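Right, one structure below, let's go through it.
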Amino acid sequence: MNLWADLSCPEAQEQLHILLERPGVRIERIVSRGYASPPGFWYDQAQHEWVCVLAGKAVLQLEDRLVTLGAGDSFLLPAHTRHRVHATSSDPACLWLCVFWEDAPC
């Protein structure tokens with residue numbers, strides 16, 4: 001899959017594509033256009049998540065601050081870091097590359 005192919009996405013929505021999924025790791029491509037998490041909704045996942053914005057802009061809301069990401073910026077969300085999507089750009093759409101993984105057992 002070409003990461004920049006078909007960035008069409010309805011306004012205020014996200015489209016998720018799983019690029020790779022193996023035990024302990026998942027890589028996703030997400031296209032967001034003017035999207036925000038529903039009011040009161042927070043992600044609190046068991047996996048670590050590294051996000052990279054490839055196009056557009058995004059604002060992540062953590063419990064204590066907002067993190068603004070533009071094209072080329074990345075951010076690490078350790079497991080159980082409560083966060084939500086505060087906003088994403090509409091034009092251009094926000095293109096994310098996200099890598100999720102779990103700690104290896106000892």
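The values are calculated or read from the model by the stated rules, or taken from the named source; none is laboratory data. Quantities reported herein were computed from a predicted structural model and do not represent experimental measurements. Cβ atoms come from the backbone with ideal geometry, glycine included; neighbour counts cover every protein chain shown. For accessibility, only protein heavy atoms count, side chains too; no ligands or nucleic acids. Shrake-Rupley method; radii C 1.70, N 1.55, O 1.52, S 1.80 Å.
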Item to check | Trp50-Ala71 pseudo-label distance in nm [points 7 Å out on the Cα-to-Cβ vector] | outcome: 2.2
Checklist outcome for this item: For Ser8 and His80, extending 7 Å from Cα along the Cα-Cβ vector and measuring point to point gives, in nm, a value of 4.4
Checklist entry - Excluding ligands, DNA and RNA, what is the solvent-accessible area per residue of the chain at a probe of 1.4 Å, expressed in Å²? => result 57
Next on the checklist: At 1.4 Å probe size, with the rest of the protein present, what percent of the exposed accessible area of the chain is carbon and sulfur atoms?
Outcome noted: 56
Checklist outcome for this item: Options (i) 7.5; (ii) 7.9; (iii) 6.9 for mean projected area of the Cα convex hull in nm²; the value derived from the coordinates is listed as (iii)
